[in-house]
Protein chains: 2
Amino acid sequence: MGKHLTTRAEDYSKWYNELVVKADLAESSAVRGCMVIKPYGFAIWERMQAILDKKFKDTGHSNAYFPLFVPKSLFEAEEQNAEGFAKECAVVTHYRLENDPDKPGKLRVDPKAKLEEELIVRPTSEAIIWNTYKNWIQSYRDLPILLNQWANVVRWEMRTRLFLRTAEFLWQEGHTAHATETEALEEAKQMNQVYADFVEQHMAIPVIQGVKSAAERFAGAVETYCIEALMQDGKALQAGTSHFLGQNFAKAFDVKYATKEGGLEHVWATSWGVSTRLMGALIMTHSDDNGLVLPPELAPHQVVIVPIYRSDEEHQAVEKAVSPIVKALYDEGVRVHFDNRDTHKPGFKFNEYELKGVPLRIGIGPRDVANGTVELARRDTLSKKSVSQDMLIEEVKNTLEEIQTALFARALTFRAEHTTEVNSLEEFKEVLETKGGFISAHWDGTSETETAIKEATKATIRCIPLDGEAASGMCVYSGKPSTKRVLFAKAY
Amino acid sequence: MGKHLTTRAEDYSKWYNELVVKADLAESSAVRGCMVIKPYGFAIWERMQAILDKKFKDTGHSNAYFPLFVPKSLFEAEEQNAEGFAKECAVVTHYRLENDPDKPGKLRVDPKAKLEEELIVRPTSEAIIWNTYKNWIQSYRDLPILLNQWANVVRWEMRTRLFLRTAEFLWQEGHTAHATETEALEEAKQMNQVYADFVEQHMAIPVIQGVKSAAERFAGAVETYCIEALMQDGKALQAGTSHFLGQNFAKAFDVKYATKEGGLEHVWATSWGVSTRLMGALIMTHSDDNGLVLPPELAPHQVVIVPIYRSDEEHQAVEKAVSPIVKALYDEGVRVHFDNRDTHKPGFKFNEYELKGVPLRIGIGPRDVANGTVELARRDTLSKKSVSQDMLIEEVKNTLEEIQTALFARALTFRAEHTTEVNSLEEFKEVLETKGGFISAHWDGTSETETAIKEATKATIRCIPLDGEAASGMCVYSGKPSTKRVLFAKAY
């Protein structure tokens, strides 16, 4: 366990890459751009999945599963989507290998087994799903359809980073069909709110809810709602999107329904998703130069207990004291891990759990046994104190809640300190270079200006905040009138 | 809801295909051989996943995630595996589409974006995982590794059937690494037992545990443990396999560990999996000519309540009576669904839930309200009775247990009636043609005989039962001596 991490101040990007690997979250694989999510990282993702899945079901959605492959022709059906969506995809062209006659023990693609139509490994599933919904929807009685799927998707990214941008990633994608525009719009907003609640309450990451500018909108969407978070290096990260698709996909796939009144209308649609990218946001929001810092809500182990002893006799005494503590914590629903390995020293374990971000560590040695105490160490503040065993369970529960709250508060303060209103392009550039973060500025609403600002500064419009107040002003770039500030930032 | 199904007697295969679609479990997609798992079918699969996942964790396993793609060269590394494993795979050769210059709005594969090495969409993950384990394992301290992943896999089957044989399917695959042969063997057996317990206790399907003959063994395995179930048409279905891989993959990928004693040894391995094929087994074991029959353990809705009324007044009275019933069942952990749709008549709903195999149906109308009763209908026996509302909760809980037990007992009886000891090839053929089922016969242990019997009868050795008694006899085909009977059957 090589603990020493590059510090954030030295090289934030390197710090991140090292942390992901050293904390056993994920690593690169033999396949370019594809990652292996290691058990510890996957356990965090499973926690996230379980909480989100419950939220989706509580809002009336069911899970289903659609094919991994999308025939090329379906991909072409929604024009904006085909045009606008990245074309970097994994393309399946053949369906068989054969023994290579020239090289014993080697395989080659069987040239006779060429597909008539190429299959695209799904980069997202609107096309295959709407091609399916076409057969499911005849009448208003068939609506709404409220489905979600947990799936892997592939986008052939040239520059990849673990969790943040990988060729294959895991996500959920909701795809809903509605009778009315209002209902679809409400759904898109509701799911963006579900995401915001999840990210804030469970991941302890404050987010701004907003809509995307036309340039940043999902290809094929009428409106893209999003949640935007701010990382410790002052760059923004899009943590989730929820698209109001209007009737675009219904028209592309000819999905109409008979209304109650006997008419025939195109169906209204939404889609919404979050991905393993959230793991990147989680890591970058809370962690420090000693390693990962996990909010208790998502930590696979909320508490780890490390026994300290020299002799077998001491070991037995410590084990005897630990046993009721483990049971009491388990009974209270605390995810506790007693690390009783005799292959590693306490110091090694302390370092390991610090690196892995376990929120609370309990150390217990012979002196603690004698005194009826334990040493309780907090990962977020790195503070330690001696706690009476009698008070321990309450103390643990309270401290876990405190940590969850403190992490959110700290991130919120950071964001507040790194959100700056600017009123000129010079100020914009200066703030961006010196301080980073969100820049709140007036914008004339045109894509031309957005592009020009991006070229001048590398910052993009992260969102037009939903709760932004109307305030007339002048575009920082064109000087034209504007009615509302929008949020710019450099982004992941 | 077209209820009328082809009967099993008319055409078992057609009955199955119709049932899967009409009960809203799955359907074919626009992609050859790939299915859409519909919400109702997926809800059953989710129940199965949740129970299995807990069993895996209770036996010390964690989940992880490995890449969808396997570079061709890794696929070649384990020779037996590369030779023996089906080569019908989806092969990714390109990573980009481009706008077709000749056809506006159309896309084509960008010939410049050809991969240097083709990627295979995983048909199974031993190769990519052992290539990863190589970097994780140095010392005995790193062992055992006990991992599982829930994933989609692709095998390019020519003849596909929903759930039973599809190009893409969902499964879990466990991959473990051990210091000793004994430990790995125990693991392989343990997981086969976990599968047997799950299938018998939760799916209510009796299984035979056994090992595969060399011909039916997984390519690359030293021993393949399996569980075999019998379907109502007398054909067997392999419901799960657990492979003891010996050191084959460790040798292929050069995975060695430093022993406690300072030596260097190859690691021992297992892999084990069950898939959405289990859905096929579930359907074919219990269902009847009226539709699906689900064991209560796996039913997404264990109880459905259908209100019966003519006037708004009656509707309100029924709703008022239903409300405490729903609450009481929910509080008891019963998965209850109150179908209060006003778009469909009770008769339609009765048919729908019969087709969908909901174990218990509660009908309640104005007369029931007056009498303090409900009508309780059992899906498995199609019997109905009037039950006092006061006794209902207990009655529901007891009946659900009864159904679970009864389904297993019925399937066990069927299997007993369709397992026949034969002592000659003539008898073998006659039983197979007239009655089907498992045929218990002496076999000389050679692949030649196995092949000859398969050619003569289309039956294969399903397994060599673990609990089979030693009994000397003569091979039904060759007349050579045999020490144990094995189970033959035609199989899915």
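The values are calculated or read from the model by the stated rules, or taken from the named source; none is laboratory data. The model shown is predicted, which means the values in this text are computed figures rather than measured ones. Cβ: placed from backbone, ideal geometry, glycine included. Neighbour counts: every protein chain shown.
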Practice problem: Among the numbered conditions (1) in contact with a strand residue (DSSP E or B) (Cβ under 9 Å, 6 or more places away or on another chain); (2) crowded, with 20+ Cβ neighbours inside 10 Å, tell me where A:Leu407 comes up short. | Solution: (1)
Exercise. For the range A:134-165, enumerate the residues that are more than 10 Å from chain B (Cβ to nearest Cβ) and not charged (D, E, K, R).
Key: A:Ile137, A:Gln138, A:Leu143, A:Pro144, A:Thr160, A:Leu162, A:Phe163, A:Leu164
Self-check item: Selection within the range A:274-283 - of a type outside the set (Gly, Ala, Ser), crowded, with 23+ Cβ neighbours inside 10 Å and assigned to a helix (DSSP H, G or I)
Solution: A:Leu278, A:Met279, A:Leu282, A:Ile283
Quiz item: Which of the residues belonging to the range A:94-104 are outside any strand (DSSP E or B), in contact with a strand residue (DSSP E or B) (Cβ under 8 Å, 6 or more places away or on another chain) and more than 14 Å from B:Ala90 (Cα to Cα)?
Solution: A:Asp100
Practice problem: Determine which single condition B:Pro101 fails, assuming it passes every other condition in (1) facing chain A (nearest Cβ under 9 Å); (2) farther than 29 Å from A:Leu162 by Cβ. | Solution: (1)
Self-check item: Lone unmet requirement of (1) surrounded by fewer than 24 Cβ atoms within 10 Å (Cβ to Cβ); (2) among the polar types (S, T, N, Q); (3) assigned to a strand (DSSP E or B) for B:Ser271
Solution: (1)
Quiz item: Is there a residue being within 15 Å of B:Pro324 (Cβ to Cβ), in contact with a Gly (Cβ under 6 Å, 6 or more places away or on another chain) and not small (Gly, Ala, Ser) anywhere in the range B:357-370?
Solution: no
Quiz item: Take the residues of the range B:105-121 that are within 10 Å of another protein chain (Cβ to nearest Cβ) and not in a strand (DSSP E or B): which is surrounded by the fewest Cβ atoms within 10 Å (Cβ to Cβ)?
Solution: B:Gly105
Quiz prompt | Residue among A:Ser478, A:Ser482, A:Ser472 that alone is farther than 21 Å from A:Gln238 by Cα and touching a Gly at 6+ places or on another chain (Cβ under 8 Å) | solution = A:Ser482
Quiz item: Which of the following residues is in contact with a helix residue (DSSP H, G or I) (Cβ under 7 Å, 6 or more places away or on another chain), of a type in the set (Gly, Ala, Ser) and either modelled with pLDDT of 95 or more or part of a strand (DSSP E or B) (or both): A:Ala377, A:Ala411?
Solution: A:Ala411
Quiz item: Could you list, in sequence order, the residues of the range A:441-490 that are polar (S, T, N, Q) and over 22 Å from A:His418 (Cα atoms)?
Solution: A:Thr446, A:Ser447, A:Thr449, A:Thr451, A:Ser472, A:Ser478, A:Ser482, A:Thr483
Exercise. Inspect all residues belonging to the range A:284-292 and state whether any of them is in contact (Cβ under 8 Å) with a residue 60 or more places away in the chain, under 26 Å from A:Gly445 (Cβ atoms) and assigned to a strand (DSSP E or B).
Key: no
Exercise. Return the pairs, sorted by first residue and then second, in which the second residue is assigned to a loop (DSSP other than H, G, I, E, B) and modelled with pLDDT under 95, the first residue lies in the range B:321-341 and is surrounded by fewer than 18 Cβ atoms within 10 Å (Cβ to Cβ), the beta carbons are less than 8 Å apart, and the residues are 6+ apart or on different chains.
Key: none
Self-check item: Out of B:Glu265, B:Glu319, B:Glu297, sole residue that is in a strand (DSSP E or B) and either within 22 Å of B:Gln404 (Cα to Cα) or over 35 Å from the mean Cα position of the chain (by Cα) (or both)
Solution: B:Glu265
Quiz item: Quick check: is even one residue across the range B:47-59 at the interface with another protein chain (Cβ under 10 Å from one of its Cβ atoms) and buried (at least 18 other Cβ atoms within 10 Å of the Cβ)?
Solution: no
Quiz item: Of the conditions (1) assigned by TED's automatic domain parsing to the domain that holds A:Pro324; (2) in contact with a helix residue (DSSP H, G or I) (Cβ under 8 Å, 6 or more places away or on another chain); (3) surrounded by fewer than 17 Cβ atoms within 10 Å (Cβ to Cβ); (4) not acidic (Asp, Glu), A:Val387 fails just one. Which one is it?
Solution: (3)
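Looking at the range A:446-454, can you tell me whether even one residue there is on the phi < 0 side of the Ramachandran plot, crowded, with 17+ Cβ neighbours inside 10 Å and β-branched (Val, Ile, Thr)?
Yes, that holds for at least one residue.
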Self-check item: Hits in the range A:342-375 (condition: surrounded by 20 or more Cβ atoms within 10 Å (Cβ to Cβ), among the hydrophobic types (A, V, I, L, M, F, W, C) and within 34 Å of the chain's Cα centre (by Cα))
Solution: A:Leu355, A:Val358, A:Leu360, A:Ile362
Exercise. Would you point out the residue of the range A:122-133, among those that are polar (S, T, N, Q) and closer than 25 Å to A:Trp45 by Cβ, that is farthest from the other protein chains (Cβ to nearest Cβ)?
Key: A:Thr124
Quiz prompt | Filtered residue count, the range A:266-288, keeping only those that are more than 19 Å from A:Phe414 (Cα to Cα) and of a type in the set (D, E, K, R) | solution = 1
Exercise. Check the range B:214-222 and report whether any residue there is of a type in the set (A, V, I, L, M), touching a strand residue (DSSP E or B) at 6+ places or on another chain (Cβ under 7 Å), in the same structural domain as B:Asn17 (by TED's automatic domain parsing) and more than 30 Å from B:Thr132 (Cβ to Cβ).
Key: no
